[in-house]
Amino acid sequence: MTIQIEAKEISKSFGKLDVLKNVKLAVSQDEIFGIIGESGSGKTTLLNIIVGFMDSDSGKVLFESKPMSKPIKNIIGFATQENCVYNKLTVQENLNYFGKLYSLTDKQIKENSESILKLVELYDYKNMLAEHLSGGMQRRLNIACALIHNPKILILDEPTEDLDPILREEIIMLIKKINSQKTTVIMTSHLLDEAERICDTIAVLHNGIVIASGSPHELIDTYSKSKEIVIKAKDADFSKVLNIIKSIKEDKIIQRREEEIVVYTNDSEDLFPKVVQKIDEAKLDLIKLELKKPSLYEVFEFLVKKVQLKQIKQDEKLNEQKIVLPKEEVAK
């Protein structure tokens, strides 16, 4: 596949805060590329740099192997997380306004508007004031304004944020429809189930660092190794089961998910029989004990936890280091 957008070692700081740290991305033509991460992970800053609204401290963004320039930026459409439509303008007037920002002629705006309004299912509402549209319709208009100049690449920042499940589904279907017309889509989201359904490729951004990337299927296969061990015990036995899991000498990450204990390890199928044996020896009754293929959300949890544990170990190692002064310095 042709690489359309490439971010090469992008770094960005605000004062002493490092927001992005050597971020590398490669977005293929005609795919839906998702950047997922928690709030504050650097997603919006990265999009602003890609679209050219903000300069990076180091690194560069390439379009089809060429440095980004003003003509290239004109083939990118950007819909921000907050709707940028003007409430006192009609749907059509909003499109006219944004079309003029892209230096389109009246004829181009008219031609593009008709097809775009049909695409986002707002054609019958083109003379309605934006303030009278529902939340989902306003979000669709926001996306329509980003499409008015027929961009090759559409960038969406949290396109389903603050929408109810029904409206969220409408936007997901719209994104798929836009992508089917040979438009590359780059989107951010913190909704992992959504990204798993819609994205061809995903980059996991955590504290300004891309900690993993690949298709949802690849991420699950690569980082789950096999499956996760899910255990549910009676309340009286919960702490006993937890202690048994902790006692097994094998590298693992243990998490509590509501009433269940979830165990991640490099080889869960090797650990599973050991868990069964230990619990059987303790004569404990379980409600559930299974090997389960994790979802993308669970892989994300695992990756973040892994990074956090690594940072904790590094901090502990740093704290253990002691500065020993030379004897002559001590004598002074």
Quiz prompt | Of all residues in the range 1-34 being hydrophobic (A, V, I, L, M, F, W, C) and touching a Cys at 6+ places or on another chain (Cβ under 9 Å), the one that is farthest from A212 (Cα to Cα) | solution = I32
Self-check item: Of all residues in the range 225-256 being touching a Ser or Thr at 6+ places or on another chain (Cβ under 8 Å) and either assigned to a loop (DSSP other than H, G, I, E, B) or of a type in the set (S, T, Y) (or both), the one that is farthest from L284 (Cα to Cα)
Solution: K225
Quiz item: Just a yes or no: is a residue in the range 174-191 charged (D, E, K, R) and closer than 16 Å to M137 by Cβ?
Solution: yes
Exercise. Name the one entry in F53, F98 that is aromatic (F, W, Y) and surrounded by fewer than 15 Cβ atoms within 10 Å (Cβ to Cβ).
Key: F53
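Against the condition assigned to a loop (DSSP other than H, G, I, E, B) and either surrounded by fewer than 20 Cβ atoms within 10 Å (Cβ to Cβ) or at pLDDT below 90 (or both), how does N150 come out, does it pass?
In short, yes.
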Self-check item: the range 249-282, residues that are over 24 Å from T222 (Cβ atoms) and either surrounded by 14 or more Cβ atoms within 10 Å (Cβ to Cβ) or modelled with pLDDT of 85 or more (or both)
Solution: V276, Q277, K278, I279, D280, E281, A282
Quiz item: Does at least one position in the range 12-28 carry a residue that is within 24 Å of Y102 (Cβ to Cβ) and part of a loop (DSSP other than H, G, I, E, B)?
Solution: no
Quiz item: So which residues in the range 274-288 are in a helix (DSSP H, G or I) and either of a type outside the set (V, I, T) or in contact with a Ser or Thr (Cβ under 6 Å, 6 or more places away or on another chain) (or both), if there are any at all?
Solution: K274, Q277, K278, D280, E281
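The values are calculated or read from the model by the stated rules, or taken from the named source; none is laboratory data. Note that the coordinates shown come from a computational prediction; the quantities given were computed from them, not determined experimentally. We place every Cβ from the backbone using ideal geometry, glycine too, and count neighbours over all the protein chains shown.
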